1. Of everything in the range 1-31, what is within 16 Å of P62 (Cα to Cα) and outside any helix (DSSP H, G or I)? Give them in sequence order.
2. I need the full set of residues from the range 44-70 which are of a type in the set (S, T, Y) and surrounded by fewer than 14 Cβ atoms within 10 Å (Cβ to Cβ), in order please.
3. Six or more apart or on different chains, Cβ atoms under 9 Å: show the pairs whose first residue is in the range 45-58 and on the phi < 0 side of the Ramachandran plot and whose second is small (G, A, S) and at pLDDT 90 or above.
4. So which pairs qualify, if the first residue must be in the range 1-28 and within 18 Å of A69 (Cα to Cα), the second must be modelled with pLDDT under 90 and open to solvent by less than 90 Å² (accessible area, probe 1.4 Å), the Cβ gap must be under 7 Å, and the two must be at least 6 apart or on different chains?
Amino acid sequence: MTPEFMIDQVVIYGSPDDVTRQISEMRQEVGPFGVLVSHYNGAADTAKDQESLRLLGETVRPQVDNLVAA
């Protein structure tokens, strides 16, 4: 696997709307799933990590929940 493959096909990233869209597309492709895994290696900016997790919980999750309920 190349880094390009990982970024294009495996990693979910971007704005909350981008992440919601990517999760929705993945769900359409593979079917329902219940877990997403986050990995932080400790080398990144802690404030940015915390903001990313906040956005995931407060913005992305409700949008995904609405897609699943539809």
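The values are calculated or read from the model by the stated rules, or taken from the named source; none is laboratory data. Given the structure is predicted, the values throughout are model-derived calculations rather than measurements. Here the Cβ is made from the backbone with ideal geometry for all residues, glycine too, and neighbour counts use every protein chain on show. Side chains are part of the model used for accessible areas, which takes the heavy atoms of the whole protein and leaves out ligands, DNA and RNA. Shrake-Rupley method; radii C 1.70, N 1.55, O 1.52, S 1.80 Å.
1. Matches in the range 1-31: S15 only.
2. Selection gives T46 alone.
3. L55/S15
4. Correct list of pairs: S24/L67; R27/F33.
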